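Asks: Below: one structure in structure tokens.
The values are calculated or read from the model by the stated rules, or taken from the named source; none is laboratory data. Predicted model only: the values in this text are computed from it and were never measured. Cβ placement follows ideal geometry from the backbone for every residue including glycine, while neighbour counts extend to all protein chains displayed.
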Amino acid sequence: MTNEQYLIVSYFCVAGISLVIGFGAFLWLRKSLREVAVAMPWKGIQETLVRLFPLGILFPALLGFLTVNYIGCEKDTYDKVVADRAYLQHKSAEQISASMTHLVWAVFAWGIFIAILLALKQRKERRAETTSRDSG
């Protein structure tokens, strides 16, 4: 296999691996997210959370993969990139690493968003409880 063929094959394989990593994270977290969504008192938020979650996990995994650039300071032309198999392997590993890093940040962002929603829910419940005590 030539280095150019290796570049093409590895690029699509790593893209697939990035999506599999994202899909695995989605499968691992979806039950928890649905349980949180069901606990939300707002129907619109429930549906939005469940619909956006797959995209909110898969897109960052793919985005991380796409952020890695083959052309850099040392390898400033396509011919120089393709000439070095070790460089191509390094870039593939860098793509997987970037994909996982973006995925971790996405999960962190989802966690913060859900924590805010749960705090708002708790605040709403406390207000309702206070109102019912004051009127009763």
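Asks: Within the set of pairs 6 or more residues apart or between chains, which connect a residue that is over 10 Å from Ile57 (Cβ atoms) inside segment 16-38 to a residue that is among the β-branched types (Val, Ile, Thr) with Cβ atoms less than 7 Å apart?
Replies: Partner pairs satisfying both residue conditions: Ile17/Ile96; Ser18/Ile96; Arg34/Val50; Val36/Ile114; Ala37/Val50.
Asks: Just one of the numbered conditions (1) at pLDDT below 90; (2) within 22 Å of the chain's Cα centre (by Cα) is not true of Trp42; which one?
Replies: Among (1) at pLDDT below 90; (2) within 22 Å of the chain's Cα centre (by Cα), Trp42 violates only (2).
Asks: Could you tell me which of the residues Leu66, Leu117, Leu88 is under 23 Å from the mean Cα position of the chain (by Cα), farther than 18 Å from Lys31 by Cβ and of a type outside the set (Asp, Glu)?
Replies: Being under 23 Å from the mean Cα position of the chain (by Cα), farther than 18 Å from Lys31 by Cβ and of a type outside the set (Asp, Glu) holds for just one of Leu66, Leu117, Leu88, which is Leu66.
Asks: Evaluate the following for Gln89: is it over 17 Å from Val104 (Cβ atoms), assigned to a helix (DSSP H, G or I) and either of a type in the set (Gly, Ala, Ser) or modelled with pLDDT under 90 (or both)?
Replies: Details: over 17 Å from Val104 (Cβ atoms): yes; assigned to a helix (DSSP H, G or I): yes; either of a type in the set (Gly, Ala, Ser) or modelled with pLDDT under 90 (or both): no.
No, not satisfied.
Asks: What pairs come up if the first residue lies in segment 100-119 and is touching a residue at least 40 places away in the same chain (Cβ under 8 Å) and over 15 Å from Leu66 (Cβ atoms), the second is loosely packed, with under 13 Cβ neighbours inside 10 Å and among the aliphatic types (A, V, I, L, M), and their beta carbons are under 9 Å apart, counting only those six or more places apart or on different chains?
Replies: Leu118/Ala39
Asks: Going through segment 87-136 one residue at a time, which ones are among the basic types (Lys, Arg) and surrounded by fewer than 11 Cβ atoms within 10 Å (Cβ to Cβ)?
Replies: Of everything in segment 87-136, those that are among the basic types (Lys, Arg) and surrounded by fewer than 11 Cβ atoms within 10 Å (Cβ to Cβ) turn out to be Arg123, Arg126, Arg127, Arg133.
Asks: Could we say that Trp110 is farther than 30 Å from Gln5 by Cβ, part of a helix (DSSP H, G or I), of a type in the set (Phe, Trp, Tyr) and touching a Pro at 6+ places or on another chain (Cβ under 8 Å) here? Don't jump to the end; show me each part of the working.
Replies: Details: farther than 30 Å from Gln5 by Cβ: yes; part of a helix (DSSP H, G or I): yes; of a type in the set (Phe, Trp, Tyr): yes; touching a Pro at 6+ places or on another chain (Cβ under 8 Å): no.
The answer is no for Trp110.
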